[in-house]
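These notes are about the structure you will find just below.
Where a number appears in this text, it was derived from the coordinates with a stated rule and is not lab data. Remember, predicted model here, so these are calculated numbers, not experimental data. Every residue, glycine as well, gets a Cβ built from its backbone with ideal geometry; the counts of neighbours run over all protein chains shown.
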Amino acid sequence: MKKLERSIVVNREAEPVFELISDPVRFPEFFKGITRWGLCSEKQRGLGAEYRVLMRVGSIEAGGLIRITDWQEPRTIAWKAERGIHQHGRWTVTARDDGETDLALEIAYDLAGGPVGRLVEQIVARILGGNMDATLLAARRILTFEEGRERVRPRT
């Protein structure tokens, strides 16, 4: 299983960061590479909610049905694939003493066994890692400049 981890510092408190990453309507706004994000359960968010997710990886779309397996507001959201590509992931929101927030994204996936499968996993890691970096930057941009108001603290 290949595991990728990325993180970024956001100039906001933890609650609005969690609010953004937990809003299923806004998720496609900032998660780069997502081509389909659809609700597949009566529960729209929180523990047990299910979504059909597809992501462009090179020239193909890959994904499947994911279920939210951990929901600890305002700290953690985790998911696991129920069908499709074997994968799981986690958002972690950590408040810092300086009023900023660490936002981390972790995704682990398993494509196939053997040397060809490992080679494909390495290629996918480059694409997915780039999407994860762009996702965190997009989330920070939304949180920093949301509603047309700049939220950058002045330098002292």
Which residue, VAL17, VAL116, VAL124, has the most motion in a Gaussian network model of the chain that connects Cα atoms within less than 10 Å? VAL116
Considering the convex hull of the alpha carbon atoms of segment 29-75, report its projected area averaged over all viewing directions, in nm², one decimal. 3.8
Using r as the Cβ-Cβ distance of GLU5 and THR69, and R0 as 22 Å, what FRET efficiency do you calculate, to the nearest 0.05? 0.80
Simple label model, 7 Å out from Cα along Cβ direction - ARG96 to GLN122, nm: 3.4
Between GLU19 and ARG56, take the C-beta separation as r, use R0 = 35 Å, and let me know the FRET efficiency to the nearest 0.05. 0.85
Based on alpha-carbon positions alone, could you give the equivalent ellipsoid semi-axes of segment 95-146 from the gyration tensor, as √(5λ), descending, whole Å? 32, 12, 6
With a point put 7 Å past each Cα toward its Cβ, work out how far ALA112 is from HIS86 in nm, to one decimal. 1.4
Run the numbers on segment 1-80 and let me know its relative contact order in percent, using alpha-carbon pairs under 8 Å that are six or more apart. 21
So who's got an amide H within less than 5 Å of the one on GLU100, skipping anything under 5 residues away but keeping other chains? H placed 1.01 Å off N, in plane. none
Evaluate the Kirkwood expression for the hydrodynamic radius of segment 36-119, namely the inverse of the mean inverse distance over all pairs of different C-alpha atoms, and round to one decimal in Å. 14.3
Note the full-extension length gain between PHE145 and LEU39 as 0.36 nm times their separation in residues minus their Cα-Cα distance, in nm to one decimal. 35.4 nm
If the viscosity is 0.692 mPa s and the temperature 37 °C, what Stokes-Einstein diffusion coefficient in µm²/s follows for the chain when Rh is the Kirkwood radius over Cα pairs? 202
